[in-house]
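Q: I am attaching a structure below and will ask some questions about it afterwards.
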Ligand code: SF4
């Protein structure tokens with residue numbers, strides 16, 4: 001009987017048994033969030049790890065996961081934690097919206113548990129939690145509750161587009177639909193959690209992005225991309241537009257004790273809820289900028305990077321706090337200066353975010369006691385959370401985004 005898929009029924013039916021047999025012998029069974037070896041799975045652990053693993057590799061997540069589990073062993077602990085504590089635990093893991101969703105999601109989960117006595121038991125129940133999409137919900141249902149659930153994350157998409165030679169653009173919804181239909185067809189009703197775990201493991205360890213180990217793969221006999229010798233042509237993804245760039249000064253506003261002014265970023269926006277130096281938007285830089293980036297300097301032979309003349313300059317906005325600081329500095333005829341004579345290097349730090357590259361140049365200004373008190377009062381009057389801390393203390397006690405840490409490295 002013909003199928004809607006490119007493989008025969010025999011191939012489709014043999015997919016799961018082959019994958020599970022491979023996983024049993026060759027898969028990873030000791031990751032701290034895996035629940036396939038217990039009869040009493042913990043959905044909290046799966047939810048937490050799945051959020052951390054979005055766009056982040058296992059080796060990076062491991063120490064963060066361990067710290068979270070030590071400090072917040074249950075969803076109730078996470079829900080009750082202060083945002084600053086969570087931000088400090090998350091600092092450096094990137095994609096900070098995930099941390100905010102985690103905090104919000106923990107509160108939503110505790111509300112569900114208080115009302116129903118348990119974690120959500122359905123896909124719809126999990127998808128109602130902040131930051132949980134269909135694949136994460138499928139992972140939690142299948143691995144965290146040992147019920148039937150399907151996942152279709154980045155690893156699964158890579159394996160499936162290769163195995164079935166699906167050449168549609170994976171950013172398009174028609175391709176997503178095709179992939180979901182295929183994974184649903186392949187996922188066994190029994191053991192869907194084990195299957196999900198095995199799929200993720202295979203994508204991470206065998207069918208990797210640039211060097212798939214096809215000779216070790218249990219799917220090589222009927223993998224269409226392998227048959228064509230075109231493994232790395234899949235998944236097909238529309239070429240991204242080059243990222244725009246944004247240039248800012250990072251202001252080291254110091255008091256006479258060497259303490260630096262830190263601002264908590266507004267919730268909505270980049271680094272929401274984390275702490276940073278005040279930033280000052282630099283209108284435009286053309287030509288060349290010095291960049292502290294070893295890869296680029298190796299390419300260019302020195303520390304100068306040409307900013308392409310057609311490179312779009314990312315428009316930015318000051319936060320209220322930065323407006324206050326800017327106006328106050330202007331009013332007091334103070335301006336931040338290059339920090340090249342201090343311990344810091346004043347060449348820009350290049351920091352790449354999802355939508356743009358950010359060049360941050362450290363600039364310093366020292367305030368006397370009266371001035372430090374004045375600016376503190378002005379910011380507090382606008383209900384802005386601030387802190388005066390030296391760089392070492394700030395790194396230990398505040399949740400700083402990676403770009404801020406880079407400035408002091
Ligand atoms: S044969 Fe190669 S390309 Fe195909 S699924 Fe296996 S590892 Fe991936």
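Q: Out of all the residues in the range 59-87, which are under 17 Å from residue 396 (Cβ atoms) and touching a helix residue (DSSP H, G or I) at 6+ places or on another chain (Cβ under 7 Å)?
A: 64, 67, 71, 86, 87
Q: Please work out if residue 162 is within 16 Å of the ligand (Cβ to nearest atom) and surrounded by 21 or more Cβ atoms within 10 Å (Cβ to Cβ).
A: yes
Q: Right, something else. Scan the range 175-215 for residues that are loosely packed, with under 15 Cβ neighbours inside 10 Å and in contact (Cβ under 8 Å) with a residue 60 or more places away in the chain and jot them down.
A: Within the range 175-215, 181 is the sole residue that qualifies.
Q: Looking at 170, 113 in this structure, which one is surrounded by fewer than 23 Cβ atoms within 10 Å (Cβ to Cβ), within 16 Å of the ligand (Cβ to nearest atom) and either farther than 26 Å from residue 217 by Cβ or at pLDDT below 95 (or both)?
A: 170
Q: Further question: Within the range 212-221, identify whether any single residue is within 10 Å of the ligand (Cβ to nearest atom) and within 21 Å of residue 53 (Cα to Cα), and answer yes or no.
A: yes
Q: Return a yes/no flag: does the range 378-389 have any residue that is closer than 19 Å to residue 272 by Cα, in a strand (DSSP E or B) and at pLDDT 90 or above.
A: Yes, the conditions are met somewhere in the range 378-389.
Q: Given 304, 343, 367, which one is at pLDDT 85 or above and in the same structural domain as residue 252 (by TED's automatic domain parsing)?
A: Result of the check over 304, 343, 367: 367.
Q: I would also like to ask the following. In this structure, does residue 269 turn out to be on the phi > 0 side of the Ramachandran plot and either exposed (fewer than 13 other Cβ atoms within 10 Å of the Cβ) or in contact (Cβ under 8 Å) with a residue 12 or more places away in the chain (or both)?
A: Yes; evaluated as a whole, the condition is true for this residue.
Q: Right, something else. Residue 202 passes all but one of (1) closer than 17 Å to residue 154 by Cβ; (2) near the ligand (Cβ under 8 Å from one of its atoms); (3) not in a helix (DSSP H, G or I); which number fails?
A: Residue 202 satisfies all of (1) closer than 17 Å to residue 154 by Cβ; (2) near the ligand (Cβ under 8 Å from one of its atoms); (3) not in a helix (DSSP H, G or I) except (3).
Q: In the range 142-161, what residues are assigned to a helix (DSSP H, G or I) and without any contact (Cβ under 8 Å) to a residue 40 or more places away in the chain?
A: Scanning the range 142-161 gives a single hit, 160.
Q: Give the residue that is surrounded by the most Cβ atoms within 10 Å (Cβ to Cβ), with candidates limited to residues of the range 222-250 that are near the ligand (Cβ under 10 Å from one of its atoms) and under 26 Å from residue 143 (Cβ atoms).
A: 234
The values are calculated or read from the model by the stated rules, or taken from the named source; none is laboratory data. What you see is a predicted model, and the numbers here were worked out from it, not measured in a lab. With ideal geometry, Cβ positions are generated from the backbone for all residues, glycine too; neighbour counts draw on all protein chains shown.
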